[in-house]
Every structure is written in structure tokens, then in C-alpha cells.
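Notes to accompany the following structure.
None of the figures in this text is laboratory data; all of them are computed from the coordinates on show. The model shown is predicted, which means the values in this text are computed figures rather than measured ones. All Cβ positions, even for glycine, are placed from backbone atoms using ideal geometry, and neighbour counts span all protein chains on display.
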Amino acid sequence: MTRPARPAIGYWTGFAIVLALLLATPLVLPEFWQRFVTEILIWGLLAMSSDILIGYTGMVSFGHSAFFGLGMYGAAAALLTIRPPSLWLTIIYGLVGAGLVAVFVAYFSTRLRDIYFAITTLVFSQIFYVIIFTWTEVTGGENGLTFRQPPFSIPGVLSVPFTRDGFHWFIVAVVTASYLVLRRVMQSPFGKVLQAIRENEPRTRAIGYHVERYKIVAVMLSGLFAGLAGVLYAVQNKFTAPDFVFFLISGEVVIFNVMGGMGTLVGPVAGAAFFLVLREGLSRFWTEYYLIPVGLIFTAMVIFMPQGLLGFLKRRLNQ
Amino acid sequence: MGIPFDQILIQTVNGLVNGMILALVASGLTLIFGIMDVVNFAHGELVMLGGFVGATTLAMTGSFWIALAAAALTLALIGAVLQATVLRPLLGRDPLTTILATFGISLVLQKYALWQWGPSARKLQEPITGQFDLFYLEYPWYRVLTAVLAAAIIGALYLFLRFGKYGIWIRATTQDRVMAQAMGIPVPVVLAVVFGIGAGMAAASGVLFGPLGGVTQTMGSDFTLRAFIVVVVGGMGNLGGSILAAIFLSLIEAYASLVVSPAQAVIASFVVLILVQLFRPTGLFVPTPK
Amino acid sequence: MLALENVHTYYGKSHILHGVSLEVNPGEVVGLLGRNGVGKSTTLKTIMGLVRPSDGSVRFEGRDIAGMAPHRPAHLGIAYVPEDRRIFRLLSVLENLRTGLDRPGVSEARKDELLEKVYKHFPVLRERRSQAGGTLSGGEQQMLAIARAMMLEPRIILLDEPTEGLMPRMVSQIREIIHVLHREGVAILLVEQNVPLTLEAAGRVYIMEKGVVRHHAPAGELRANQAVIHQYLGV
């Protein structure tokens, strides 16, 4: 393999431009669209976490709604029980919640393949959905929980409530940092092994890699970042609901991955943006039936454009 | 235990009845999977559409039987067309793709139903009313009829597959698609027909279920999920296994709902799935794990 | 009747056939020899439409069949007996035969005739006709695979290593059935590693190496001078 001659410049320029645009949105866009962009970023983070499993390791999981949901409810637990509300503890609670689920899923990932893994993760999401939906005393049942947004705090130094713009920049920072971390990990030898597992698992095993261990780490990583997305969503919207744990959310995440381009990390973010914009736009005309054209577009893309919107950039984005 | 015997009895019969409906749905799903490796995420939506078509036909004609036939035939046709157009290009691609494609289709079908029939539930009028004496209890005739009809349809499928030229074609294609083609069997047609049969059976389930639970556009995901669990527990591609698994799981859920609410009883099926995946991943009713 | 010209076939990225040309005339038995992996099976699969050639032509009775749907060649009169037999394991012997028998335009009487004929040549199949194909021994499965092909009443049968792994007694039966088919005017394209059988049964022989036909001669010539065989097959 030849060493590519500094592809970095083009890539980092693009990166800088996108980052600048994202940071500028509070100054430019009206409030509705501002929040929209922030939400796209959060869903983008969720989609990125799913890409680790689907795009890089080749494990289709319909369980991300469980990670996301438990991140949300973990955050809710922190925000409802801890006085004064602490942003960082909220994040930790959320990550712990998601992490516990991830441990279970990780165990199954080592024993099941393909469709069996997919269905089992789907069932996992539903187990949590049913528990959360019916355990009304603790989880608020159907109606979910509401709470207040914690202030942005650096422990011991300052504590200032989020402004709309401030919160947006916080999200941009978190999502960007997550992206950079994940990118670094995927480009490392570890990430390369994951991709090898996707390409040809038996061969990777035969070469001598403990495929099980890699899968476990991949699931934990994926679950934690998905949980983080859940925490951010809870903090942004100040409520949680069982709907987010329903397996259809996992389905939407998979749609983001496929539409945007699997195995690229940014692709799924673009996929989330594409889907959410389509939904916003189409629901103007089609109201609640927007899923008919969106579903058709998605199905057509699966058949004709399986590499997704950014799939053609896959190699360059992964260098 | 403290649970009255008559409740256990009723739940046993309920479990059997629900099990037969579920078996009808799952047989179609496992048949489709066995022959073309397609995990049909939209299968529940086919049940739902069958229910709606049945409801509309029943309203127009007043006959449950015509409604049943109309729903089955309509969805069989839709299914065959769906396979021939959307799924055929995906043959041979990795299984993730068909899961996604059928998932996309399920979204479209679900919202289409919302568009055509609105958000409220349709109830179907059962063809025979009245109850009979089950030991010292009263049990609705219609429920028994449902189980009998479902069993009859599955039985008809079994006979069709076992005897007759087309049954041989279907079984040969399921075992070795390439060699079936080499023998001149028109495999593309067989695949479309089998998908149609699966869809027709799903639609019939929807109509049979109509009087019991009503038809809403969200019932699809529930059926899809349960059917998946049945097919995995029964052994994918294993027709007999799916039927046994459907009855087994429905009975467990029926008994569970004596103790917890029905919404929570569904967790019992989930737990069974997870246990089966841990200990007998190829299926509970498969003779020997490979 | 069957003519391949400069056929190139790929499996994914592997270039297996590098321009194969051969022909089979009506009623001929033609042998195709070569070491493992030179592309003999791929040649047969290309004829059968199970893989698509990227270049070259495959003509049967004047028609280009290279792009045809894979279930068409059987209806044109080409039958295939693959290397691993590939009988339908869960179908009974009779049901296996019926996959070839149940064709449009064949009367019930004719079907019975064909069945009787095949039972006469392979009595063991009559005995086991209700048994599942998978319960038959290797040799019996080979008989079934050939019988199944015969049910198509083909004009040419593509035989891929029919004697592989068989006991000598079974090999004789194969030899016998090839003679029977030849007498009935069915052409045979015989891929084999068993050189003596091929030289005895075939009229002409092609020898392949690395995806191309390297040598082509009447069987008699090769029987007389085995040096060429040694050269390409190392036997």
C-alpha cells in the first residue's frame, strides 16, 4: 500500500469549513432552524456510534434505541435526584446506564451472528421499552419524565446556565470531540482489525485475532457514545419518553447509516441531516404521511445506492 | 399458586388460539426465509393490510368468508409483485440489505394504511357469534373457529408442499436454488409465488385476528416482532418448528398474563428468545443443532 | 450443435477461463481433460448459464445462449450433472426424478415410460424410490443425478467428473450408462480426471490447462500416443 501524500489538507479544510458553519448557526439561523441543527448533531452522534458496529465491524444492531434510551433515562435519573443538578454527573449516570446495557449486548455479540444478533438486539430494545412503559412509578410510563436543564459547570470554577447559543456550541464541541476520538480509534490498528472482521471474520480469526474481544470493545464503544447522545438529547429537550426506546428509533438510526454512507463516521451524520431535512420538508406537504416518500427513497437507496451519499468518500475519509 | 383453575383453562385455550394465528403468520415468514434468505421486516404490515382489506370487503359484502378470500388474494398478489420488483435485484446481496429494504417497505405500508384507512381501529364482525360450554365456563365459538381455520390453512400449505408438482418445485428451490434452475424450474417465478403465498397467509391471519383485537395501522410491528421470535425459536426455515414455537410462546404469554399485565407478559417471549439464543441458537424444535 | 468460442469467465475478480473454444456435434461423446482447477467445471457452468461469460460466445443449435436465464438451457435440451452431484437431499428419489420429469408437453404415459427406462438401467433407484435422496450412498446419488438429467430427455448431457470417488463396480455402471446414452443419440460432454474411461468412451478429447484449451485430438490418437496426456496431466 502506498503512503498517500498528505490527503490531510483537503480533509482538514473541509472539516474546518463545516465546523465554522456549525458554530455560526446561532448567529445566522432563526430559532427553529437553530434547534433543528442542534438536534441533527445529536442524532448524528447516535448514528456515528451505530456506524462503529454496522459500518466498521459489520454487525447490524437494532439495539441502539436501548443505548440511547438508557442514556436518556440515566440522565433523567441524575437530573431528578441530584441537587443541585450537575451536568457532569448527569453525563456519567447516562453513560453508566448505557454501559450496563452495552455489557449485555456485547456478550451476545460474541455468540450470535448476523440476523440472529440483529433480532436479539431488537428484542433487547423492546424489553427495555416494555419495562420503561409499564413501570410508571419509576419511569413515568407512557408520559415519560420532565426535568430542568443543568447549568454548564466546570467543577469548582464556574457554573452558568446554558443559553440557547451556548448550548448549541456545547453540543458542537461534544459531537466534534466525539467524532475526532472515534476517527482516531477507527484509524488505529484496532479499527483496522474491526474492518477486517467485517470483511472476513473467519480469516481474521484464523490469523490469530481474538475476534470476540474486539467485538466486545466495539459494542462498548458504540453503546457509550450512543448513551452520550441520549444524555445530550435529554438535556436539550428536558424530557424523556419511552418512544425513544422503541425499536423503530433503532430502525431510523440504521436508515441514517445507510443513507449517509456506512463506514465513514461523517456519512451517518450526513444521513441524519438528510433524513431529518427530508422529513421536515416533506411533512409540509404530506403531513404525517411523510414516511411514504421517505420510505420509498430509502428503499430505493438501499437497492440502487447502497454505498450511501458519502460512500464514495469512504477511502479518503478513512485515511 | 392461588390462581383459579378456570382461569388457567381459559388461558390455555386462548394461548392455543393465539398460537395458531401466530403460527399462520410465522409459517409464511419462515417459508420465505427458507427459500430466498429474506428476513421480511414488512411481514407484520402484510398482516395489518390484510386486516384492513378484509374489514373493507366485509363492510361492502357483509360476508366474512368473501372478506377472508379477498384479503388473502389481494395481499398475495401485492406480495408477489413486491418480490418481483423490489426484492429480486437484491438476491445474492448481503442479508443486511434485504432487512433494510423490507424495513423501508414496512414504513411505507404502515403510513399508506394510515392514509387510506385513518388512525382509528377497525373491528371486524365475527362470522359466528355465541359461546359454548367449555367444562363449566363459556367460551366464544369464534375463537375456536379461528384456530381451526388457521390450522386448516397451514395444513393445506403442508399438503401442497408435500404432494404435487409445484410443491416439489418449491422444496427443490429451497434446498438448492442453482440446481433447481439447472433442472429447468423457473426459479424467479417460484420465488415470487412463494412470497405471495407467505403474504396471503399473513393477510388471512389479519382477517382472522380482526374480530379478536381489531385492526390498526400500528399492529404490524407487534406481529413482525412476534413472528421473528417464533421463527428464531422454531428454527429458521423449519415449518414444523415455527408452528410448535408459535403455540409454545403463545401459551407462555397467556400464562404470564395471569400474573402480570398483558403488556408486560410479552417479556416472557423475549426471555425465551434470549434463552434459546444462549443455549440452542439453531432453534428449540430443530432435531439436532448443526 | 454446441459451440463455445473464445469464452472468458470470471469468478469475482479471478479470471478463470481465458478464451475457451470447443464444440460438440450431435450424438458425439466429447471428453474434456485437465488437472484440478484449470476451469473444466467452470466451462460446464458457463454453458449451463450458471455463470455468465464476460466475453466470447456460447451457441447451442445456432442460438446464443450465453445471456439466457439459468432455467432456460434445460428446456433447450441441455442437462447438467454437477461435480458434487447436488441431488435434492430432502426430496425422495422419485421426487428428484420428477424435477426433470414435470415439464410442459410431456404426457403421463411418456413420464411413466421414462421412469421405467431409468429404473431398468438403475434398479437400485426403483428400490429406493421413496427414500430421501440424502440417505443414498455416494454411488447411488451419482446414479440418481444422471437419471435425473435423463428425465429431461436432453440432446446433450454435461457430465462433471461422474466417476470421482466411486468404487470400480460403480465406475463400470457409469461407463455402461454413457454407452447407452450414446446409442440413443444423446451427445455427452464428459469432464473427467479418469483418463482411461475418457479415452475409451469419447470420440474426441480436448485438454485444458490454465483456462484455455491446449490440445485437441481424436481419442484414438491419444490412446496410441499417451505422451501428450502425460505432458498436461502429469499422469
Could you work out how far the C-alpha centroid of the stretch C:188-217 sits from that of the stretch B:62-101, in angstrom? 48 Å
Between A:His210 and A:Val103, what is the label-point separation in nm under the 7 Å Cα-to-beta-carbon projection? 1.8 nm
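Would you mind getting me the FRET efficiency between C:His216 and B:Ala156? Use the beta-carbon distance for r and R0 = 45 Å, nearest 0.05. Please report the intermediate quantities before stating the final value.
Values: r = 57 Å, r/R0 = 1.26.
Efficiency, rounded to the nearest 0.05: 0.20.
Mind listing which GluC sites (Glu not before Pro) in the stretch C:53-126 are in a DSSP loop and have 11 or fewer other Cβ atoms within 10 Å?
Details: sites: C:Glu61, C:Glu83, C:Glu95, C:Glu108, C:Glu113, C:Glu116; in loops: C:Glu61, C:Glu83.
Answer in residue order: no site qualifies.
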Given unit charges at Cβ for Lys, Arg (+) and Asp, Glu (-), the dipole magnitude of chain C about its Cα centre in debye, nearest 20, is 320 debye
For the protein assembly as shown, what log10 I(q)/I(0) values come out of the Debye formula at q = 0.04, 0.08 1/Å, with one point per alpha carbon and no solvent? -0.23, -0.83
So how far, in whole Å, is the C-alpha centre of the stretch B:122-154 from the one of the stretch C:113-184? 53 Å
Can you tell me the 0 to 90 degree angle between the C-alpha axis of helix B:64-82 and the longest principal axis of chain B, rounded to 10? 30 degrees
Using only DSSP helix segments of four residues or longer, with each worth -39500 (n - 2.57), what per-residue ellipticity at 222 nm results for the protein assembly as shown after dividing by its residue count and rounding to 500? -20500 deg cm²/dmol
Would you please put C:18-26, A:167-175, A:113-121 in order of how densely packed they are, using the mean number of other Cβ atoms within 10 angstrom per residue and starting with the highest? A:113-121, A:167-175, C:18-26
Listed highest first by mean packing, meaning other Cβ atoms within 10 Å per residue, what order do A:217-229, C:28-40, A:80-92, A:20-32 come in? A:217-229, C:28-40, A:80-92, A:20-32
Cα-only Debye scattering, chain C: base-10 log of I(q)/I(0) at q = 0.10, 0.11, 0.12, 0.15 Å⁻¹: -0.45, -0.55, -0.65, -1.02
Among B:Val259, A:Val60, C:Leu22, flag the residue with its Cα farthest along the positive direction of the charge dipole of the protein assembly as shown, charges on Cβ as +1 for Lys/Arg and -1 for Asp/Glu. C:Leu22
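Counting only other chains, and only Cβ atoms inside 10 Å, what mean value do you get across the residues of B:272-284?
Numbers: counts 1, 7, 6, 0, 2, 8, 5, 0, 0, 5, 1, 0, 0.
Averaged over the peptide's residues, the number is 3.
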Amide H contacts under 5 Å for B:Leu284, restricted to residues at least 5 apart in sequence or on another chain and with H modeled in the peptide plane, are B:Gly234, B:Gly235
Starting from one equal scatterer on each C-alpha and no solvent at all, send me the Debye-based log10 I(q)/I(0) for chain B at q = 0.07, 0.08, 0.11 Å⁻¹, two decimals. -0.25, -0.33, -0.64
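How well do other chains shield peptide B:169-177, expressed as the mean number of their Cβ atoms within 10 Å of each residue Cβ?
Details: counts 3, 0, 5, 7, 2, 2, 8, 7, 1.
Per-residue shielding by partner chains comes out at 4.
Find out how many positive minus negative residues lie around C:Pro123, taking Lys and Arg as positive, Asp and Glu as negative, among other residues whose Cβ is under 15 Å from that of C:Pro123. List each step's numbers first, then the result.
Details: positive: C:Lys117, C:Lys120, C:Arg126, C:Arg128, C:Arg129, C:Arg169; negative: C:Glu116, C:Glu127, C:Glu140, C:Glu176.
That works out to +2.
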Signed unit charges on C-beta, dipole axis of the protein assembly as shown, positive-most listed residue B:Gly206, A:Thr25, A:Val181: A:Val181
Roughly how far apart, in whole Å, are the Cα centres of the stretch A:108-177 and the stretch B:221-237? 29 Å
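Given a Förster distance of 45 Å, report the FRET efficiency between B:Tyr166 and A:Arg284 from their Cβ-Cβ distance, rounded to the nearest 0.05.
Efficiency at R0 = 45 Å is approximately 0.35.
Taking the Cα centre of chain B as the origin, how large is its charge dipole in debye, to the nearest 20, when only Lys and Arg (+1) and Asp and Glu (-1) carry charge on their Cβ atoms? Working shown, then result.
On the way: 13 positive and 10 negative charges, 137 e Å.
In debye, rounded to 20, chain B gives about 660.
If we sort B:272-285, B:244-257, A:284-297 on the protection proxy, mean other Cβ atoms within 10 Å, highest first, what's the order? List each step's numbers first, then the result.
On the way: B:272-285: 17.7, B:244-257: 22.1, A:284-297: 15.9.
Top of the packing list down: B:244-257, B:272-285, A:284-297.
Counting other C-beta atoms within 10 Å, which of B:Val259, B:Val81 has the fewest, and how do the rest follow?
Details: B:Val259 11, B:Val81 14.
With the sparsest Cβ surroundings first, the list reads B:Val259, B:Val81.
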C:Ser92, B:Ser106 arranged by Cβ crowding within 10 Å, fewest neighbours leading: C:Ser92, B:Ser106
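Of all DSSP beta bridges in chain C, what percent run antiparallel (nearest 5)? Present the calculation step by step, with values, prior to reporting the outcome.
Details: 23 of 41 bridges.
Once the DSSP bridges in chain C are tallied, antiparallel ones form about 55 percent.
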Taking Cα atoms, how many degrees apart are the long axis of helix B:141-162 and the longest axis of chain B, rounded to 10 and kept between 0 and 90? 20 degrees
For a quick check: sort A:Phe298, A:Phe68 by the number of other beta carbons within 10 angstrom, fewest at the front. A:Phe298, A:Phe68
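So, R0 is 56 Å and r is the distance between the beta-carbons of B:Leu278 and A:Phe15; what FRET efficiency does that work out to, to 0.05? Walk me through the numbers before you get to the answer.
Details: r = 44 Å, r/R0 = 0.78.
Here the calculated transfer efficiency is 0.80.
Need one value for B:107-119: mean number of C-beta atoms belonging to other chains within 10 Å of its residues' C-beta atoms. Spell out each step's value before the answer.
Numbers: counts 11, 10, 2, 4, 9, 4, 0, 4, 5, 0, 0, 0, 1.
That average works out to 4.
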Using +1 on the beta carbon of Lys and Arg, -1 on that of Asp and Glu, and nothing else charged, what's the dipole of the protein assembly as shown about the Cα centre, debye to 20? 1600 debye
For B:Asp222 and C:Lys120, extending 7 Å from Cα along the Cα-Cβ vector and measuring point to point gives, in nm, a value of 6.5 nm
